[in-house]
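A.B. asks: Here it is, the structure, as structure tokens.
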Amino acid sequence: MPANHASPACRQGWRRNRRACTMLHMAEGYDFAAIESKWQARWERDGIYRALDDSDKPKYYAMEMLPYPSGDLHVGHAKNYTLGDAVARMQRMLGYHVLHPMGWDAFGLPAENAAIARGVDPAAWTAENILNMRRQIKLMGTSYDWSREIATCEPEYYRWNQWLFLRLYGHGLAYKREAPVNWCPFDQTVLANEQVIDGRCWRCESLVERRLLSQWFLRITAYADRLLDDLAKLTGWPERTRTMQRNWIGRSEGVQFSFAIESLDDAIDVFTTRIDTLFGATFLAVAPEHPVVQSLLRIVPRDRAAEIASFTENLKSKSELERTSLMEKEGVFTGAYAINPLSHERIPIWLTNYVLAEYGGGAVMGVPAHDERDFDFARKHGLPIVQVVVPREGARPEPLERAFVEDGRLVASDDFSEMPSERAREAIAQRLAATGAGRKSVNYKLRDWLISRQRYWGTPIPIVYCTACGEVPVPDDQLPVLLPLRSRLAEFLETACPKCGGPARRESDTMDTFFESSWYYLRYLDPHNDGAPWAPERARRWMNVDQYIGGAEHTVLHLLYSRFFYKFFHDRGWVSGADEPFQHLFHQGLVLRDSEKMSKSRGNVVGIDETAERSGIDAMRLFLLYVTPPEETSNWTDDGITGRVRLLNRMWRACEPYFEGNRSEPQRAESNAADKALIRAVHVVAKSALDETISRRFHYNTTIAKLDELVNAMTAAASARPGSPALRYAVEKLPILVAPFAPHIAEEIWERLGHATSVHLERYVEPDEAALTTEEITLVVQVNGKVRARISAPAGVTEKQALELALDDSNVRVHLGGKEIRKHVYVQDKLLNLVAA
RNA sequence: GGGGAAGUGGCGGAAUGGCAGACGCAGCCGCCUCAAAAGCGGCCGAGGCAACUCAUGUGGGUUCGACUCCCACCUUCCCCA
């Protein structure tokens, strides 16, 4: 009997939630609410997902990006965690000892802003959110090892942030300098370059301003080449992610050389990838922030000086985006001239808005004929355009409509004329090197990572400023530098110098939260270690992360920073093996509703709690895996999940007659074609699940479609051939097959079939090739590429037999119409194409 | 402007050179029921009485055979400038 009104579980459910109970009776299946909470409690009690550090089995480290504790989970999070959980459970059932941890990216601006808005402490607000979200993640039936949980805002964690910062500092990889930086006026803090998207703050989308501030940087550029080169090793990463990182690092090879300044004992360094166009330089474009401007001001006429000052002042707060893309190319002539090191021509020095102080040394040679931006600028300001490269086969230089930016053949370039661009680049570089004016050089778009944040809710940077000793790192034995209550900030900042004991001031900036997320995957390995961030032998045991799953929005932020950190750790010998943290990376797609991103302001958020109540967690998990391939954007629909609820109910009903105490069914031993097909359906599911896991394609949507077919076949068998051994077999295997995807119902069925241990500790069903093969195949017969017959034939039918069968078919004969068969193509056990004319 | 991904029934999708539309949602019909729900069974791209024909964004190409590979274009999304 299916569950009915009288069942105690349901009476309880009715009291608890009228709506859930209504759904339950509509389904007339099983009491998902009771089963789901029962097993979640049982798994926690038994600790079956605990990862042991000394298991003999091969390890598998499965990890999803840790969430920011914003307060509530929605089904978008659920898609990420369901996929990761399915993978972790699959690997566990394939014989690996799985580490599957979870934690909280708990520092950061939203907590601080929310706390200010509510008048509470960020720590309290965050703790409350974590409490709720941990409950929700557990509610999703996930198989995390909670004994390894971390929260980055706890002193036990951020202490090691500080420790790692000091190691970076000790190796010259953390330093403070004054620089023009991205300032978000809304969040009142600076941002790293990677956190500025289209000139806007990545969090609040305010237009970013530029300010000159003294800030802490991490020297990620020291690792630029390795970060670039090792992308080639990351064959388990999506190609687009690797390409994006490659572009972000932006390595370019060229020449660094200098222009002497006329009547001044100074020079201006420039970098160019197109040294072959040197003879076409008609001006020198300098960023107004360039230090040389101060020298120039000494020799330029007074009226120019005023113009220069106002131009510079005007640009001061303009963002990079405005300067390079939005604004017209503006400039002001300084009145000074530079000397081309090879042609010895005088060219005017201009200050421009489109040259950035932070890139390529803050000055570029202006070659209007061969650079689009220089071309625009020269046109606007009436500067000469001199063509020095012509298309290889083309004839003479002509007035240009636009810049000719391709390689070609040099003209008007002294003794370099007639050389092709590639050769000219070599030759000119050599000449410059010989004269001491320049050398070959490599330039990167990647800049050092700015980690200072002028915000409260973050890891204090462990540096003290002493009036006598200057910048002093806090010694290890004084860590952690505890984040004070906000009301105690003033006293916190006043301290004694660790070196001389004199009066000193603490650094007031906190760290970018990407600092802590760059190494958290190592803390999971050893979360309670209070002598080191992690023990190297733990890293040896568990690293690298075998499968990392998370959103694509972190392609150049978190994922690049983590690679940098990991290489640093590797160089210290703190981790062993490959010097990349994440061997395989998968980006899951978004979950939309009504084709829009879910957000509180739109009021279209589908929450975990309401979904669990309405349809059950197993149904939600199945739906999220089934609705789209995981990398695609999926659309949440309330209708769609009903199909999964039905599937679960059908599963339950198909197994119910076999539950202990229900076994009165006559066992009718009989093997027919339908039974064979049923056994085959079991192995089709197993093969699909296995293939999708091993290939890391994770298209479990197709696996679940095959599960539908299996359950349909079981339902049919239950009415047509109750008690058949094939059905009995399918019932035994079904809970194992669905365990990674719908873990609760799998466990409940498993238990009711009489098993005392968890289904999640079983081995997955091994696909049986013999069961998968069919004795009879359908041979598709085509005439000139069009299907004219489908003929049943024994598997393994020979080409000759197939041809005979086809020619025997009346419809095939009609379409041949007596024409001569010129050739035929046979695909074993599948298809025969007859080509006739 | 450059680069990348995608485009298949009313909808989500399946098929990676070999039967287009698996599986599901929605819809329609039937059984069960006093009735409804649930469940079970069936139908479900278009045209045609049918044999068949057309059909995977558009137009070409390669191939015995193309949703799949190549070229051009259109549209959408993403990244970079």
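A.B. asks: When you scan segment A:750-792, how many residues do you find that are surrounded by fewer than 17 Cβ atoms within 10 Å (Cβ to Cβ) and more than 20 Å from A:ILE679 (Cα to Cα)?
C.D. replies: Number of matching residues: 12.
A.B. asks: Would you point out the residue of segment A:457-506, among those that are assigned to a strand (DSSP E or B) and among the small types (Gly, Ala, Ser), that is farthest from A:GLY172 (Cα to Cα)?
C.D. replies: The qualifying residue farthest from A:GLY172 (Cα to Cα) is A:ALA496.
A.B. asks: Among the strands (runs of 3 or more DSSP E) contained in segment A:579-662, which hold 2 or more residues that are more than 9 Å from RNA strand B (Cβ to nearest atom) and under 28 Å from the mean Cα position of the chain (by Cα)?
C.D. replies: Answer list for segment A:579-662: A:585-587, A:591-593.
A.B. asks: Hey, could you check segment A:435-459 for residues that are surrounded by 16 or more Cβ atoms within 10 Å (Cβ to Cβ) and over 28 Å from the mean Cα position of the chain (by Cα) and say which is farthest from RNA strand B (Cβ to nearest atom)?
C.D. replies: Going through the qualifying residues, I end up with A:ALA437.
A.B. asks: Considering only residues that are of a type in the set (Gly, Ala, Ser) and more than 11 Å from RNA strand B (Cβ to nearest atom), which ones fall in segment A:784-800?
C.D. replies: Taking segment A:784-800 and keeping what is of a type in the set (Gly, Ala, Ser), we get A:785, A:789, A:792-793, A:795-796.
Correct list: A:ALA793, A:ALA795, A:GLY796.
A.B. asks: When you check A:ASN712 against the structure, is it in contact with a Pro (Cβ under 8 Å, 6 or more places away or on another chain) and of a type in the set (S, T, N, Q), yes or no?
C.D. replies: no
A.B. asks: Right, next: State which residue pairs qualify: first residue under 10 Å from A:TYR61 (Cα atoms) and assigned by TED's automatic domain parsing to the domain that holds A:ARG541 and inside segment A:87-99, second residue of a type in the set (Ser, Thr, Tyr) and at pLDDT 95 or above in any location, beta carbons under 6 Å apart, and separation of 6 or more residues or different chains.
C.D. replies: Hits for this filter: A:ALA88/A:SER143; A:GLN91/A:TYR60; A:TYR96/A:TYR60; A:VAL98/A:TYR60; A:LEU99/A:TYR61.
A.B. asks: If you don't mind, there's one more thing I want to ask. Does A:VAL781 fit the bill of being within 14 Å of RNA strand B (Cβ to nearest atom) and among the hydrophobic types (A, V, I, L, M, F, W, C)?
C.D. replies: For A:VAL781, the condition - within 14 Å of RNA strand B (Cβ to nearest atom) and among the hydrophobic types (A, V, I, L, M, F, W, C) - is met.
A.B. asks: Sort through A:VAL759, A:VAL682, A:VAL765 and tell me the only one that's β-branched (Val, Ile, Thr) and within 16 Å of RNA strand B (Cβ to nearest atom).
C.D. replies: A:VAL682
A.B. asks: Suppose the filter is polar (S, T, N, Q), in a strand (DSSP E or B) and in contact (Cβ under 8 Å) with a residue 60 or more places away in the chain; does A:SER214 pass it?
C.D. replies: Numbers: polar (S, T, N, Q): yes; in a strand (DSSP E or B): yes; in contact (Cβ under 8 Å) with a residue 60 or more places away in the chain: no.
In short, no.
A.B. asks: From the list A:GLU537, A:GLU553, which residue is under 26 Å from A:CYS201 (Cα atoms) and part of a helix (DSSP H, G or I)?
C.D. replies: It is A:GLU553.
A.B. asks: Among all residue pairs at least 6 apart or on different chains, which show Cβ distances below 7 Å where the first residue, located in segment A:747-771, is farther than 20 Å from A:ALA654 by Cα and the second is β-branched (Val, Ile, Thr)?
C.D. replies: Filtered contacts from segment A:747-771: A:SER758/A:ILE48; A:HIS760/A:ILE48; A:LEU761/A:ILE48; A:GLU762/A:ILE736; A:TYR764/A:ILE736; A:ALA771/A:ILE679.
A.B. asks: Oh, and also: Being assigned by TED's automatic domain parsing to the domain that holds A:ALA88, more than 16 Å from RNA strand B (Cβ to nearest atom), small (Gly, Ala, Ser) and touching a His at 6+ places or on another chain (Cβ under 7 Å) is the requirement here; does A:GLY141 meet it? Give the steps one after another, and end with the answer.
C.D. replies: Details: assigned by TED's automatic domain parsing to the domain that holds A:ALA88: yes; more than 16 Å from RNA strand B (Cβ to nearest atom): yes; small (Gly, Ala, Ser): yes; touching a His at 6+ places or on another chain (Cβ under 7 Å): yes.
Here the answer is yes, as A:GLY141 does meet what is asked.
A.B. asks: Tell me, yes or no, whether segment A:368-390 has at least one residue that is surrounded by 20 or more Cβ atoms within 10 Å (Cβ to Cβ), polar (S, T, N, Q), part of a strand (DSSP E or B) and at pLDDT 80 or above.
C.D. replies: no
A.B. asks: Scan (1) assigned to a helix (DSSP H, G or I); (2) loosely packed, with under 14 Cβ neighbours inside 10 Å for the single condition A:ALA429 breaks and write down its number.
C.D. replies: Answer for A:ALA429: the failing condition is (2).
A.B. asks: Go through segment A:801-812 and report how many residues are within 11 Å of RNA strand B (Cβ to nearest atom) and either part of a helix (DSSP H, G or I) or over 29 Å from A:LEU772 (Cβ atoms) (or both).
C.D. replies: Matching residues across segment A:801-812 total 3.
For every residue, the table says whether it meets (1) among the charged types (D, E, K, R); (2) closer than 17 Å to A:PHE565 by Cβ.
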residue	(1), (2)
A:ARG167	yes, yes
A:GLU205	yes, no
A:ARG211	yes, no
A:LEU231	no, yes
A:MET244	no, no
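A.B. asks: Still on this structure, please answer the following. Take the residues of segment A:685-702 that are at negative phi and assigned to a loop (DSSP other than H, G, I, E, B): which is farthest from RNA strand B (Cβ to nearest atom)?
C.D. replies: So the residue we want is A:SER695.
A.B. asks: With A:PHE271, A:PHE257, A:PHE279 as the choices, which residue is more than 16 Å from RNA strand B (Cβ to nearest atom), in a strand (DSSP E or B) and either surrounded by fewer than 20 Cβ atoms within 10 Å (Cβ to Cβ) or not aliphatic (A, V, I, L, M) (or both)?
C.D. replies: A:PHE257
The values are calculated or read from the model by the stated rules, or taken from the named source; none is laboratory data. If you're wondering where the values come from, they're calculated on a predicted model, not measured in any experiment. Here the Cβ is made from the backbone with ideal geometry for all residues, glycine too, and neighbour counts use every protein chain on show.
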